[in-house]
Amino acid sequence: MNTAIDLRSDTVTRPTAAMRAAMASAEVGDDQYGEDPSTNRLQGRVADMLGKEAALWLPSGTMANQVALRSLTRPGDEVVASRESHAAWHEVGGAAANAGVQIHEIGHGGVFTAEELRAATKPRHFAIFPTTTLVQVENTHNRAGGVVLPQQEVLRICAVARELKLACFLDGARLWNASVASGMALDTLAAPFDLVAVAFSKGLGAPGGSMLAGGKDLIAVADRHRRRMGGAMRQNGIFSAAALHALDHHLARLPEDHANAFAFADRLRAGAPVQLDMATVQTNIVVFHLPPSFTLDAPQLCAQARAQGVLVNAFGPRTVRAVTHLDVDRAQCERAAGVLVELLAR
């Protein structure tokens, strides 16, 4: 049994006993033929939650994002996204390799404005420029520390996108957290977008699976790309049963993760001179930076913390990320912060 306090990601969770039981008893069929009842039920439920006509299950959040790009762009197009977006930094160059698009990063701290989108959009029919065809919003924003994008600005961004004839995609892998933190319903957050992605392994504790939701015609296009990329499954109900269980039992507990992240960040900031803006600790992610004066860099700190049973991720030479989830409690989060404080005090 692993006794480490694992704060590397909310994807490290193990299925609970109740989730395993739901998976073991899942009603299944061949999903490629549209005959998996658990998957059909999950797709219908998530489409309703997000206020969209249809939804499509995919194995991972990265594949969901890649299928969205394939569905909304053509090779050679340009996609505008937030600076340090997941699509640009954490998908192994998939946007270029799979969709053949380039990503133009704008904004700061996970947020950009409608005016910045307008300025970044290339003039159409100019011979040497790529055609800007899509704006992608990430909510919550991973590398910015799990910040929630202000919905009024999202509405302005999408309105400018419509004016400029751009499609709109929401990478909402952790949209569950954004909904809880903002108090806004999922369908409200999803409303202005053509396609929306959500993940069941982030925040909700399922062992895998993501979902794309949008109009029926667009989801049919996405299904073709999913098949082309090898993402169609067979008896997928085992995964879908885990996601359905997570929606029933793990969604309502997300405020606990948010509170634990704040307690971790507060303990760390109080005990060590790290660069950590508490205003960014809005959900379950804490990103902090080591000042240049520290002899330790981020990989060294993570290695020393691991030796003491605390797992966090180096997100850059002097940047560290910690993520709370259902497999760690308040006491563990505070102990983890204490270990980091001790290491940084040496």
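So, Arg143, is that one surrounded by 17 or more Cβ atoms within 10 Å (Cβ to Cβ) and assigned to a loop (DSSP other than H, G, I, E, B) or not? It is true that Arg143 is surrounded by 17 or more Cβ atoms within 10 Å (Cβ to Cβ) and assigned to a loop (DSSP other than H, G, I, E, B). Consider Val12 carefully, then state whether it is touching a His at 6+ places or on another chain (Cβ under 8 Å) and β-branched (Val, Ile, Thr). In short, yes. Please verify whether segment 244-262 includes one or more residues that are at pLDDT below 95, assigned to a helix (DSSP H, G or I), over 30 Å from Leu56 (Cα atoms) and not small (Gly, Ala, Ser). For segment 244-262, residues at pLDDT below 95, assigned to a helix (DSSP H, G or I), over 30 Å from Leu56 (Cα atoms) and not small (Gly, Ala, Ser): absent. Residue count for segment 201-214 satisfying the condition of being of a type in the set (Gly, Ala, Ser), in contact with a Lys or Arg (Cβ under 7 Å, 6 or more places away or on another chain) and in a loop (DSSP other than H, G, I, E, B): 1. Of all the listed residues (Asp77, Asp36), the sole one being of a type outside the set (A, V, I, L, M) and buried (at least 22 other Cβ atoms within 10 Å of the Cβ) is Asp36.
Of all residues in segment 188-208, those satisfying the criterion of being more than 12 Å from the chain's Cα centre (by Cα) and among the small types (Gly, Ala, Ser) are Ala190, Ala191, Gly205, Ala206, Gly208. Return yes or no: is Ala55 surrounded by 22 or more Cβ atoms within 10 Å (Cβ to Cβ) and modelled with pLDDT under 95? Answer is no for this residue. The number of residues in segment 145-170 being without any contact (Cβ under 8 Å) to a residue 24 or more places away in the chain and under 30 Å from Ala261 (Cβ atoms) comes to 1. Restricting the first member to segment 64-81 and to residues that are free of Cβ contacts under 8 Å to residues at least 12 places away in the same chain and closer than 16 Å to Glu105 by Cβ, and the second to residues that are of a type in the set (D, E, K, R) and not in a loop (DSSP other than H, G, I, E, B), no beta-carbon pair is closer than 6 Å while six or more apart or on different chains. Among the residues examined, Val281 qualifies as surrounded by 15 or more Cβ atoms within 10 Å (Cβ to Cβ), within 30 Å of Leu50 (Cβ to Cβ) and in contact with a Phe, Trp or Tyr (Cβ under 6 Å, 6 or more places away or on another chain). Residue count for segment 90-108 satisfying the condition of being at pLDDT below 95 and closer than 20 Å to Val286 by Cα: 1. Here Arg224 clears all of (1) surrounded by fewer than 19 Cβ atoms within 10 Å (Cβ to Cβ); (2) in contact (Cβ under 8 Å) with a residue 24 or more places away in the chain; (3) basic (Lys, Arg) except the condition numbered (2). Within the option set Ala127, Ala119, Ala97, Ala88, being surrounded by 17 or more Cβ atoms within 10 Å (Cβ to Cβ) and small (Gly, Ala, Ser) holds for one residue only, Ala88.
Looking at Val287, Val274, can you tell me which residue is more than 21 Å from Thr11 (Cβ to Cβ) and β-branched (Val, Ile, Thr)?
Val274
When segment 81-92 is filtered for residues that are assigned to a loop (DSSP other than H, G, I, E, B) and either touching a helix residue (DSSP H, G or I) at 6+ places or on another chain (Cβ under 7 Å) or farther than 17 Å from Val137 by Cβ (or both), the ones remaining, listed by number, are Glu91, Val92. Scanning segment 47-80 for residues that are closer than 22 Å to Met184 by Cβ and assigned to a strand (DSSP E or B) returns a single hit, Ala55.
The values are calculated or read from the model by the stated rules, or taken from the named source; none is laboratory data. Just so it is clear, the model here is predicted, and its values are computed rather than measured. Cβ sites come from the backbone with ideal geometry, for glycine too, and all protein chains shown count toward neighbours.
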